[in-house]
Amino acid sequence: MRILVTGVDGQVARSLSERAATAGHLVQTLGRPQLDLSENPDRIDSVIKATAPDAIVSAAAYTAVDQAEQEPELAFAVNARGAGAVARAAASLNVPLVHLSTDYVFDGRKPEPYEETDQTNPMGAYGASKLAGEHEVLSEHPNSAILRTAWVYSPFGKNFVKTMLRLAADRDEISVVADQIGNPTSALDIADGVFTVVSNLAEGDDPARRGIFHMTAHGEGSWADFAKAIFGASAAMAGPVARVRPIGTADYPTPARRPANSRLDSSRIAAVHNVRLPNWQTSLNTVVHRLLGGDAVPDLKAQH
């Protein structure tokens, strides 16, 4: 299957490119300047149609959570209007669409993991823009699946794992928030799940396979737990290690509020699409091994 992926440098886009051959698909990534989701929707439509794909994965997004508080118009242009334009193009081409979304559509006040039917209530511009994008996609293209994920990391780009390893190279102790919990999820595992959902959408018109799904790794932890696991995996490879000092969210203020509970219940996608992502600690070991043992080391050191 020829799959168009919006975005080039993002963690999921790069993971989809890497996993494509194993999944038996041909992936074409398309991003700026050729495809700019903040541009006129007609331009987005024409660029996408020119690629004539068999399916589309809408992975490109404005993801600067804190910066979105200062430039909400751009966040909405990309994450809402741009996502809608991609969905319209997919509908016009009559091809299935998978759209990536986020845990930030929730306020994090629920004590249990969030289900797809729970009330959304984003606390900032980023989450609000992604929720608006979900509405755009569902209204523009019925043959679509929205996959909400969370706490994404990978061997690519900027992410929490790479930040912790970089900081540990210069510090003996790192303060990490311990009162926010979620499901750390490898973008490589997300890519595998996306390919399964794309194939399922292409196989038939079962309405149960469409709509909103949560897709995160098995298991949960706080950011402090995540950091400790990173250093445990790093220590096994004689990599950088630091002590983790747990702190509260109030001790690390940010322009955008984060959900205290980002856990997503992924049982629906397991039942409907047979997608079950691995335990996050197992996948974390794989990513840390790659970061410390191969070509990603220079990229890691380049992060500032």
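Of all residues in the range 205-226, those being of a type in the set (A, V, I, L, M) and either assigned to a loop (DSSP other than H, G, I, E, B) or touching a Phe, Trp or Tyr at 6+ places or on another chain (Cβ under 8 Å) (or both) number 2.
Residues that are surrounded by fewer than 16 Cβ atoms within 10 Å (Cβ to Cβ), assigned to a loop (DSSP other than H, G, I, E, B), among the small types (Gly, Ala, Ser) and out of contact with any Asp or Glu (no Cβ under 9 Å at 6 or more places or on another chain) within the range 50-72 comprise just one, Ala52. Scan the range 106-156 for residues that are small (Gly, Ala, Ser), under 15 Å from the mean Cα position of the chain (by Cα) and outside any loop (DSSP other than H, G, I, E, B) and the total you get is 4.
Looking at Lys130, Lys162, which one is surrounded by 21 or more Cβ atoms within 10 Å (Cβ to Cβ) and over 30 Å from Phe231 (Cα atoms)? Before you say what the answer is, go through the steps one by one.
Working: Lys162 fails: over 30 Å from Phe231 (Cα atoms).
Sole residue among the options that is surrounded by 21 or more Cβ atoms within 10 Å (Cβ to Cβ) and over 30 Å from Phe231 (Cα atoms): Lys130.
Residue count for the range 257-283, restricted to those that are part of a loop (DSSP other than H, G, I, E, B) and touching an Asp or Glu at 6+ places or on another chain (Cβ under 9 Å): 9.
Name the residues in the range 242-256 that are surrounded by fewer than 19 Cβ atoms within 10 Å (Cβ to Cβ) and part of a loop (DSSP other than H, G, I, E, B), would you? The answer is Gly248, Tyr252, Pro253, Thr254, Pro255, Ala256. All of (1) charged (D, E, K, R); (2) assigned to a helix (DSSP H, G or I); (3) closer than 19 Å to Val137 by Cα hold for Asp189 with one exception: (3).
Output the number of residues of the range 7-20 satisfying the condition of being closer than 20 Å to Ala83 by Cβ, assigned to a helix (DSSP H, G or I) and either free of Cβ contacts under 8 Å to residues at least 12 places away in the same chain or among the small types (Gly, Ala, Ser) (or both).
Residues that pass the stated criteria total 2.
A single member of Ser283, Ser222 is touching a helix residue (DSSP H, G or I) at 6+ places or on another chain (Cβ under 7 Å), at negative phi and among the small types (Gly, Ala, Ser), and it is Ser283.
For (1) in contact (Cβ under 8 Å) with a residue 40 or more places away in the chain; (2) on the phi < 0 side of the Ramachandran plot; (3) in a helix (DSSP H, G or I), each residue gets a yes or a no:
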site	(1), (2), (3)
Val5	yes, yes, no
Thr22	no, yes, yes
Val27	no, yes, no
Pro33	no, yes, no
Arg43	no, yes, yes
Ile48	yes, yes, yes
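Residues of the range 176-213 that are touching a Gly at 6+ places or on another chain (Cβ under 8 Å) and buried (at least 23 other Cβ atoms within 10 Å of the Cβ): Gly182, Asn183, Pro184.
Looking across the range 19-46, the residues that are surrounded by 16 or more Cβ atoms within 10 Å (Cβ to Cβ), over 17 Å from His141 (Cβ atoms) and among the hydrophobic types (A, V, I, L, M, F, W, C) come down to Ala20, Ala23, Val27, Leu30, Leu35.
Here is a yes/no grid of residues against (1) among the polar types (S, T, N, Q); (2) under 28 Å from Pro255 (Cβ atoms):
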{"position": "Gly31", "(1), (2)": "no, yes"}
{"position": "Asp42", "(1), (2)": "no, no"}
{"position": "Ala52", "(1), (2)": "no, no"}
{"position": "Ser58", "(1), (2)": "yes, yes"}
{"position": "Val65", "(1), (2)": "no, yes"}
{"position": "Phe76", "(1), (2)": "no, yes"}
{"position": "Ala80", "(1), (2)": "no, yes"}
{"position": "Leu93", "(1), (2)": "no, no"}
{"position": "Val105", "(1), (2)": "no, yes"}
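Just one of the listed residues (Glu112, Glu69, Glu116) is farther than 19 Å from Gln180 by Cβ and among the acidic types (Asp, Glu), namely Glu116. Would you confirm whether any residue within the range 80-91 is surrounded by fewer than 23 Cβ atoms within 10 Å (Cβ to Cβ) and either under 17 Å from Asp265 (Cα atoms) or acidic (Asp, Glu) (or both)? So far as the range 80-91 goes, no, none of its residues is surrounded by fewer than 23 Cβ atoms within 10 Å (Cβ to Cβ) and either under 17 Å from Asp265 (Cα atoms) or acidic (Asp, Glu) (or both).
Each value in this text was obtained by applying a stated rule to the coordinates, not by laboratory testing. Because the structure is predicted, anything quoted here is derived from the model rather than measured. Every residue, glycine as well, gets a Cβ built from its backbone with ideal geometry; the counts of neighbours run over all protein chains shown.
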